[in-house]
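Undergrad: Quick one: the structure is below, questions incoming.
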Amino acid sequence: MLNKEDTGLIVVDIQGKLASIVDDSEILIENCSKLVQGAQALGLPIIWLEQNPEKLGSTVDSVAELMGEQTPVVKYTFDGCNEPNFKHALNEAQKHSWLVCGIEAHICVYQTATHLANLNFDVHVVSDCVSSRNINNKQLALDKFCNERVKLTGLEMCLYELVKDCRAPEFKLILSLIK
(Lines give C-alpha, C1' and ligand atoms only; values in the text may rest on other atoms or scores of the structure.)
Protein backbone atom coordinates (compact mmCIF):
# COMPACT_ATOMS: atom_id res chain seq x y z
CA MET A 1 0.00 0.00 0.00
CA LEU A 2 1.33 3.43 -0.96
CA ASN A 3 1.97 5.99 1.77
CA LYS A 4 2.85 9.64 1.28
CA GLU A 5 5.82 9.46 3.62
CA ASP A 6 7.69 7.09 1.31
CA THR A 7 6.35 7.86 -2.18
CA GLY A 8 7.44 10.15 -5.01
CA LEU A 9 6.33 10.86 -8.58
CA ILE A 10 8.33 10.51 -11.79
CA VAL A 11 7.00 12.41 -14.82
CA VAL A 12 8.42 10.98 -18.05
CA ASP A 13 8.77 12.93 -21.30
CA ILE A 14 5.40 14.67 -21.76
CA GLN A 15 6.94 16.78 -24.50
CA GLY A 16 6.37 18.69 -27.68
CA LYS A 17 4.50 17.34 -30.65
CA LEU A 18 4.77 13.78 -29.37
CA ALA A 19 2.51 14.65 -26.44
CA SER A 20 -0.16 15.79 -28.88
CA ILE A 21 -0.09 12.66 -31.06
CA VAL A 22 -0.23 9.89 -28.46
CA ASP A 23 -3.50 8.05 -28.02
CA ASP A 24 -6.03 10.15 -26.04
CA SER A 25 -3.46 12.93 -25.69
CA GLU A 26 -5.82 15.48 -24.14
CA ILE A 27 -6.95 13.05 -21.46
CA LEU A 28 -3.37 11.95 -20.81
CA ILE A 29 -2.16 15.53 -20.32
CA GLU A 30 -5.15 16.40 -18.14
CA ASN A 31 -4.66 13.28 -15.99
CA CYS A 32 -0.92 13.86 -15.64
CA SER A 33 -1.61 17.45 -14.59
CA LYS A 34 -4.04 16.22 -11.94
CA LEU A 35 -1.50 13.66 -10.75
CA VAL A 36 1.19 16.34 -10.42
CA GLN A 37 -1.20 18.60 -8.49
CA GLY A 38 -2.20 15.72 -6.23
CA ALA A 39 1.45 14.83 -5.60
CA GLN A 40 2.19 18.45 -4.75
CA ALA A 41 -0.78 18.65 -2.35
CA LEU A 42 0.49 15.51 -0.62
CA GLY A 43 4.04 16.85 -0.41
CA LEU A 44 5.56 14.17 -2.64
CA PRO A 45 8.88 14.81 -4.36
CA ILE A 46 8.59 14.99 -8.14
CA ILE A 47 11.31 14.06 -10.59
CA TRP A 48 10.62 15.45 -14.04
CA LEU A 49 12.32 13.93 -17.09
CA GLU A 50 12.72 15.24 -20.63
CA GLN A 51 14.02 13.11 -23.49
CA ASN A 52 16.35 14.94 -25.91
CA PRO A 53 14.47 18.27 -25.62
CA GLU A 54 16.49 19.83 -28.43
CA LYS A 55 14.76 17.43 -30.84
CA LEU A 56 11.46 16.58 -29.11
CA GLY A 57 10.73 19.99 -27.61
CA SER A 58 10.03 20.90 -24.01
CA THR A 59 7.36 19.59 -21.68
CA VAL A 60 3.85 20.75 -22.58
CA ASP A 61 2.98 24.05 -20.93
CA SER A 62 0.12 22.76 -18.78
CA VAL A 63 2.46 20.30 -17.05
CA ALA A 64 5.63 22.44 -17.06
CA GLU A 65 3.81 25.38 -15.45
CA LEU A 66 2.88 23.17 -12.50
CA MET A 67 6.56 22.47 -11.84
CA GLY A 68 7.29 26.10 -10.93
CA GLU A 69 11.01 26.73 -10.55
CA GLN A 70 11.94 23.04 -10.76
CA THR A 71 13.94 22.11 -13.85
CA PRO A 72 13.67 18.82 -15.73
CA VAL A 73 16.34 16.15 -15.74
CA VAL A 74 17.47 15.97 -19.37
CA LYS A 75 18.17 12.50 -20.70
CA TYR A 76 19.19 10.96 -23.99
CA THR A 77 18.80 7.31 -23.04
CA PHE A 78 15.28 5.91 -23.10
CA ASP A 79 15.82 4.46 -19.61
CA GLY A 80 16.01 7.36 -17.17
CA CYS A 81 18.02 5.19 -14.77
CA ASN A 82 20.99 5.46 -17.12
CA GLU A 83 21.14 9.23 -16.56
CA PRO A 84 23.40 10.17 -13.60
CA ASN A 85 21.33 13.26 -12.75
CA PHE A 86 18.21 11.08 -12.46
CA LYS A 87 20.03 8.68 -10.14
CA HIS A 88 21.16 11.65 -8.06
CA ALA A 89 17.55 12.93 -7.84
CA LEU A 90 16.37 9.47 -6.74
CA ASN A 91 19.03 9.39 -4.01
CA GLU A 92 18.18 12.92 -2.87
CA ALA A 93 14.46 12.10 -2.60
CA GLN A 94 15.11 9.07 -0.39
CA LYS A 95 11.79 7.40 -1.28
CA HIS A 96 11.19 3.70 -1.80
CA SER A 97 7.90 3.85 -3.75
CA TRP A 98 7.53 5.70 -7.02
CA LEU A 99 4.50 6.56 -9.12
CA VAL A 100 5.37 6.84 -12.81
CA CYS A 101 3.44 8.68 -15.53
CA GLY A 102 4.21 9.91 -19.03
CA ILE A 103 5.03 8.80 -22.54
CA GLU A 104 5.67 6.63 -24.35
CA ALA A 105 4.40 3.74 -22.27
CA HIS A 106 6.25 1.06 -24.24
CA ILE A 107 9.59 2.87 -24.51
CA CYS A 108 10.79 5.40 -21.91
CA VAL A 109 8.13 4.67 -19.28
CA TYR A 110 8.62 0.92 -19.67
CA GLN A 111 12.42 0.98 -19.56
CA THR A 112 12.61 3.43 -16.65
CA ALA A 113 9.93 1.71 -14.54
CA THR A 114 11.35 -1.75 -15.16
CA HIS A 115 14.87 -0.66 -14.28
CA LEU A 116 13.59 0.98 -11.07
CA ALA A 117 11.86 -2.28 -10.12
CA ASN A 118 15.09 -4.17 -10.80
CA LEU A 119 16.81 -1.76 -8.40
CA ASN A 120 14.25 -2.91 -5.78
CA PHE A 121 12.12 0.21 -5.78
CA ASP A 122 8.37 -0.23 -5.34
CA VAL A 123 7.14 1.03 -8.74
CA HIS A 124 3.53 1.87 -9.61
CA VAL A 125 2.74 2.91 -13.19
CA VAL A 126 -0.40 5.07 -13.26
CA SER A 127 -2.23 3.38 -16.13
CA ASP A 128 -4.49 6.30 -17.06
CA CYS A 129 -1.49 8.65 -16.97
CA VAL A 130 0.60 6.84 -19.61
CA SER A 131 0.13 6.55 -23.35
CA SER A 132 1.79 5.68 -26.65
CA ARG A 133 1.16 6.72 -30.23
CA ASN A 134 -0.49 3.37 -30.79
CA ILE A 135 -2.92 2.01 -28.19
CA ASN A 136 -1.60 -1.52 -28.83
CA ASN A 137 1.87 -0.45 -27.70
CA LYS A 138 0.43 1.02 -24.51
CA GLN A 139 -1.41 -2.23 -23.81
CA LEU A 140 1.72 -4.25 -24.53
CA ALA A 141 3.62 -2.20 -21.95
CA LEU A 142 0.86 -2.56 -19.35
CA ASP A 143 0.81 -6.33 -19.91
CA LYS A 144 4.60 -6.61 -19.63
CA PHE A 145 4.76 -4.57 -16.43
CA CYS A 146 2.99 -7.37 -14.57
CA ASN A 147 5.86 -9.72 -15.42
CA GLU A 148 8.50 -7.18 -14.41
CA ARG A 149 7.49 -6.55 -10.77
CA VAL A 150 5.96 -3.21 -11.75
CA LYS A 151 2.52 -2.58 -10.26
CA LEU A 152 -0.34 -0.87 -12.03
CA THR A 153 -2.58 1.74 -10.43
CA GLY A 154 -4.90 4.50 -11.60
CA LEU A 155 -5.04 8.24 -10.98
CA GLU A 156 -7.96 8.10 -8.58
CA MET A 157 -6.80 4.89 -6.94
CA CYS A 158 -3.30 6.11 -6.08
CA LEU A 159 -4.38 9.54 -4.85
CA TYR A 160 -7.00 8.09 -2.51
CA GLU A 161 -4.54 5.43 -1.38
CA LEU A 162 -2.07 8.19 -0.48
CA VAL A 163 -4.56 10.53 1.21
CA LYS A 164 -6.04 7.61 3.23
CA ASP A 165 -8.63 9.58 5.23
CA CYS A 166 -11.42 12.00 4.25
CA ARG A 167 -10.45 14.10 7.28
CA ALA A 168 -6.92 14.65 5.95
CA PRO A 169 -6.17 18.29 5.08
CA GLU A 170 -5.33 17.31 1.47
CA PHE A 171 -8.60 15.44 0.90
CA LYS A 172 -10.66 18.38 -0.41
CA LEU A 173 -8.05 19.23 -3.02
CA ILE A 174 -7.72 15.58 -4.06
CA LEU A 175 -11.52 15.33 -4.32
CA SER A 176 -11.68 18.46 -6.48
CA LEU A 177 -9.04 17.04 -8.83
CA ILE A 178 -10.93 13.78 -9.29
CA LYS A 179 -14.43 15.24 -9.81
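Undergrad: Among (1) under 16 Å from A19 (Cβ atoms); (2) open to solvent by less than 10 Å² (accessible area, probe 1.4 Å), there is one condition K55 misses while meeting the rest; what is its number?
TA: (2)
Undergrad: Under 7 Å by Cβ, and 6 or more places apart or on different chains, what pairs join a residue from the range 159-178 that is under 15 Å from T7 (Cα atoms) and in contact (Cβ under 8 Å) with a residue 12 or more places away in the chain with one that is open to solvent by less than 70 Å² (accessible area, probe 1.4 Å) and hydroxyl-bearing (S, T, Y)?
TA: These pairs meet every condition: L162/T7.
Undergrad: While we're looking at this one, here's another question. Pick from the range 164-179 the residues that are basic (K, R) and part of a loop (DSSP other than H, G, I, E, B): which of them is farthest from S97 (Cα to Cα)?
TA: K179
Undergrad: Which one of L90, L152 is among the hydrophobic types (A, V, I, L, M, F, W, C), touching a Gly at 6+ places or on another chain (Cβ under 9 Å) and either open to solvent by less than 80 Å² (accessible area, probe 1.4 Å) or closer than 21 Å to A39 by Cβ (or both)?
TA: Step by step, each of L90, L152 is checked, and only L90 is among the hydrophobic types (A, V, I, L, M, F, W, C), touching a Gly at 6+ places or on another chain (Cβ under 9 Å) and either open to solvent by less than 80 Å² (accessible area, probe 1.4 Å) or closer than 21 Å to A39 by Cβ (or both).
Undergrad: Does the range 108-128 contain at least one residue that is open to solvent by 50 Å² or more (accessible area, probe 1.4 Å), under 14 Å from the mean Cα position of the chain (by Cα) and free of Cβ contacts under 8 Å to residues at least 40 places away in the same chain?
TA: For the range 108-128, residues open to solvent by 50 Å² or more (accessible area, probe 1.4 Å), under 14 Å from the mean Cα position of the chain (by Cα) and free of Cβ contacts under 8 Å to residues at least 40 places away in the same chain: present.
Undergrad: Given the criteria open to solvent by less than 40 Å² (accessible area, probe 1.4 Å) and part of a helix (DSSP H, G or I), does E161 qualify?
TA: yes
Undergrad: Next question. Which numbered condition trips up P84, out of (1) on the phi < 0 side of the Ramachandran plot; (2) touching an Asp or Glu at 6+ places or on another chain (Cβ under 7 Å)?
TA: Every listed condition holds for P84 apart from (2).
Undergrad: Confirm whether K151 is in contact (Cβ under 8 Å) with a residue 24 or more places away in the chain, among the basic types (K, R) and closer than 30 Å to E54 by Cα.
TA: Taking the combined requirement at face value, the residue does not satisfy it.
Undergrad: Would you pick out the residues in the range 135-156 that are assigned to a loop (DSSP other than H, G, I, E, B) and touching an Asp or Glu at 6+ places or on another chain (Cβ under 6 Å)?
TA: Matches in the range 135-156: G154 only.
Undergrad: Check off (1) of a type outside the set (V, I, T); (2) surrounded by fewer than 17 Cβ atoms within 10 Å (Cβ to Cβ); (3) touching an Asp or Glu at 6+ places or on another chain (Cβ under 6 Å) for S132 and give me the number that stays unchecked.
TA: Just one mismatch for S132, condition (2).
The values are calculated or read from the model by the stated rules, or taken from the named source; none is laboratory data. Note that the structure is predicted; figures quoted are calculated from it, not measured. Every residue, glycine as well, gets a Cβ built from its backbone with ideal geometry; the counts of neighbours run over all protein chains shown. For accessibility, only protein heavy atoms count, side chains too; no ligands or nucleic acids. Shrake-Rupley method; radii C 1.70, N 1.55, O 1.52, S 1.80 Å.
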